[in-house]
Amino acid sequence: MKIAITGGAGFIGANFVYYILEKYPEYDVICIDALTYAGNMETLESALADRRFVFRKADIADRTAICEIFEEHRPDVVVNFAAESHVDRSIENPELFLRTNILGTQVLLDACNKYSVKRFHQVSTDEVYGDLPLDRPDLMFTEERPLHASSPYSASKAGADLLVQAYYRTYGTPVTISRCSNNYGPFQFPEKLIPLMISNAMKNKPLPVYGKGENVRDWLYVEDHCTAIDLIIHKGRPGEVYNIGGNNERTNLEVVRTIVRILGRSENLITFVKDRPGHDLRYAIDASKIRKEMGWEPRTGFEEGLKRTIEWYISNQQWIEHVTSGEYQGYYARMYENR
Ligand code: NAD
Ligand code: DAU
């Protein structure tokens, strides 16, 4: 079996590369990644030592490059993680998000049809459902919920989901889609809440919490996302959407306070800053479909996952230094100075 993993030099994609190489000694992995600011070869260092692993630098929206890679490697399964993934950046530059997340997905779907790929799996997000009110804890996202995106990022992911479903209906492309809640764990770029707070707290820098810190996210340890995708590509029914969630809702302030406590820092570092425009209030995933059909359950508790993640960042400070040395400095200044 040959699996093409796009976006494998990024956070979840890289965790999935390592997960597959370890779990399936008979599988070959072709990683396709454009190496944007979010993709790092250092993250794939150990994978590159494995003879079953091949890396190709390519943009998923580049039809010629993608077809050449498919022609050469003939993947059986394609798992698409490649995306512009950060909401704040989508507010600065929506166009790039439409190009990569929608047109890139279309190129991959066309290549799957051309080379008779047996399964195309689209890694989507719970953000395509929009948000839920803070005062209705009874409400959750099910797969039937209409799409209702709030940011250019989530709109681009919703657009891609619609395209994937249209390819299933029109061309019979064997597709599946997963919509997952917020992930955390090793190799996450320190623009996202948890690694940004860990990285700043380690240096005793201010911890910028948007608004009042009352927005709620449902946190899932990245390895649990990998086990869910593994099940879907092997057992999921073509044409279906599967929600994946941690059943672990926390306010942002709770998350930041927990990080501060585990690291033994002062809560005085917490700084409330101007809110994100269009900021989604609450995400909550109903993952009963994948649980009933495939027996999937998240295994890692939040406190345990957060401790493991913090230990990873403490032991890999060189990785943080390298990924934040270039473009990140300008981004951080634009996003947080004078906010
Ligand atoms: P990430 O930003 O860490 O990594 C994205 C990767 O895609 C990077 O390696 C980058 O170089 C690559 N990439 C970007 N544009 C590309 C292009 N045009 N061609 C080829 N490669 C390109 O993202 P992540 O957090 O690992 O998210 C992976 C996927 O999972 C995304 O599709 C995202 O929408 C989805 N998702 C993320 C989360 C989360 O909490 N992080 C939750 C649910 C779903
Ligand atoms: O729900 C899945 C989504 O989760 C994925 O599709 C996205 O790719 C991923 O980036 C993530 O989106 P969020 O916007 O929820 O994640 P982020 O880490 O950017 O922010 C989490 C919450 O923390 C959100 O309410 C905004 C807040 N926040 C974030 C940052 C970076 C802060 O308060 N301060 C910050 O500095």
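The values are calculated or read from the model by the stated rules, or taken from the named source; none is laboratory data. Since we're looking at a predicted model, the values are computed, not measured. A quick note on method: Cβ atoms are made from the backbone with ideal geometry, for glycine too, and the neighbour counts reach across all protein chains shown. Keep in mind that these areas ignore ligands, DNA and RNA; they rest on the heavy atoms of the full protein, side chains included. Shrake-Rupley method; radii C 1.70, N 1.55, O 1.52, S 1.80 Å.
Checking Lys157 against (1) of a type outside the set (Gly, Ala, Ser); (2) within 15 Å of ligand 1 (Cβ to nearest atom); (3) open to solvent by 30 Å² or more (accessible area, probe 1.4 Å); (4) farther than 20 Å from Asn252 by Cα, which test does it fail?
Lys157 satisfies every listed condition except (3).
Name every residue in the range 2-26 that is farther than 23 Å from Ala65 by Cβ and not in a helix (DSSP H, G or I), in order of residue number.
Tyr24, Pro25, Glu26
If I go through the range 169-181 residue by residue, how many of them are within 15 Å of ligand 1 (Cβ to nearest atom) and surrounded by fewer than 22 Cβ atoms within 10 Å (Cβ to Cβ)?
Adding up the residues that qualify gives 0.
Considering only the range 183-226, how many residues are surrounded by fewer than 22 Cβ atoms within 10 Å (Cβ to Cβ), closer than 19 Å to Gly301 by Cα and in contact with a Leu (Cβ under 8 Å, 6 or more places away or on another chain)?
1
How many of the residues in the range 51-70 are farther than 23 Å from His86 by Cα and either open to solvent by 40 Å² or more (accessible area, probe 1.4 Å) or in contact with an Asp or Glu (Cβ under 9 Å, 6 or more places away or on another chain) (or both)? Spell out the reasoning first.
Taking the range 51-70 and keeping what is farther than 23 Å from His86 by Cα, we get 51-56, 63-70.
Narrowing the set further to residues that are either open to solvent by 40 Å² or more (accessible area, probe 1.4 Å) or in contact with an Asp or Glu (Cβ under 9 Å, 6 or more places away or on another chain) (or both) leaves 51-56, 63-68.
Number of matching residues: 12.
Would you call Glu95 in a loop (DSSP other than H, G, I, E, B), of a type in the set (D, E, K, R) and within 14 Å of ligand 1 (Cβ to nearest atom)?
No.
Quick check on the range 252-280: of everything there that is in a strand (DSSP E or B) and farther than 25 Å from Ala155 by Cβ, which residue is most open to solvent (accessible area, probe 1.4 Å)?
The residue in question is Phe272.
Run down Ile20, Ile102, Ile91 and say which single residue is of a type in the set (Val, Ile, Thr), closer than 28 Å to Arg169 by Cα and under 22 Å from the mean Cα position of the chain (by Cα). Full working, then the answer.
Values: Ile20 fails: closer than 28 Å to Arg169 by Cα; Ile91 fails: closer than 28 Å to Arg169 by Cα.
Within the list Ile20, Ile102, Ile91, the selection yields Ile102.
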